[in-house]
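As structure tokens, the structure follows; a few thoughts come after it.
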Amino acid sequence: MTTSSSGPGVSGPRAVVAGHADFAAALVAAVHRITGLGGAFRAVSNEGLGAPEVEVAIRAALTDHGAIVVFTDLPAGSCTMAARKIMRADPAVSVVTGASVGLLLDFAMGPDVSAESLHRAVSRGREAMMVFPAAGAAGGH
């Protein structure tokens with residue numbers, strides 16, 4: 001299990017980022033490199049953990065980081081399943097799947113962890129996804 005945070009004294013919204021291998025740590029590092037706001041996140045890896053241990057790791061990261069949001073990599077992955085189990089036990093927790101750098105940047109720079117802010121961050125994450133050149137265009141594959 002890997003947990004990490006970049007930078008002390010975060011005053012804005014906080015969240016846990018959980019995923020396979022080094023996925024979460026890499027996203028947190030990218031956000032920190034771009035904005036200096038990596039401390040908004042606590043990274044959790046499921047590496048070498050069974051389902052119960054993933055849940056324990058995410059729950060501990062939420063508590064230790066003072067967070068109520070979990071961003072995960074895959075909708076049906078072990079981290080999402082564990083986070084959703086935590087959410088069922090604690091309705092204050094929100095789970096957002098399909099985490100990306102664009103999504104986390106918007107969240108980190110946002111004012112709060114409201115449903116509106118989470119939906120805006122998801123929208124911005126989707127808007128950051130593009131195909132160059134457009135599929136079917138000359139030279140495209």
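The values are calculated or read from the model by the stated rules, or taken from the named source; none is laboratory data. These numbers were taken from a predicted model, which means no experiment stands behind them. Backbone-built Cβ (ideal geometry, glycine too); neighbour counts: all protein chains shown.
Things worth noting here:
Per-residue answers, yes or no, for (1) crowded, with 18+ Cβ neighbours inside 10 Å; (2) in contact with a helix residue (DSSP H, G or I) (Cβ under 8 Å, 6 or more places away or on another chain); (3) modelled with pLDDT of 95 or more:
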position: 74; (1), (2), (3): no, yes, yes
position: 93; (1), (2), (3): yes, yes, yes
position: 130; (1), (2), (3): no, no, no
position: 138; (1), (2), (3): no, no, no
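- Residue among 99, 57, 108, 82 that is under 18 Å from residue 32 (Cα atoms), aliphatic (A, V, I, L, M) and not in a loop (DSSP other than H, G, I, E, B): 108
- Condition check for residue 78: at pLDDT 95 or above, in contact with a helix residue (DSSP H, G or I) (Cβ under 9 Å, 6 or more places away or on another chain), of a type in the set (S, T, N, Q) and more than 25 Å from residue 127 (Cβ to Cβ): yes
- When we screen 83, 57, 61, 115 for residues that are modelled with pLDDT under 95 and either over 12 Å from the mean Cα position of the chain (by Cα) or not polar (S, T, N, Q) (or both), the only hit is 115.
- Members of region 33-54 that are polar (S, T, N, Q) and either under 19 Å from residue 105 (Cβ atoms) or part of a loop (DSSP other than H, G, I, E, B) (or both): 35, 46
- Pick from region 31-57, criterion out of contact with any Ser or Thr (no Cβ under 9 Å at 6 or more places or on another chain) and of a type in the set (A, V, I, L, M), ranking: nearest to residue 21 (Cα to Cα): 56
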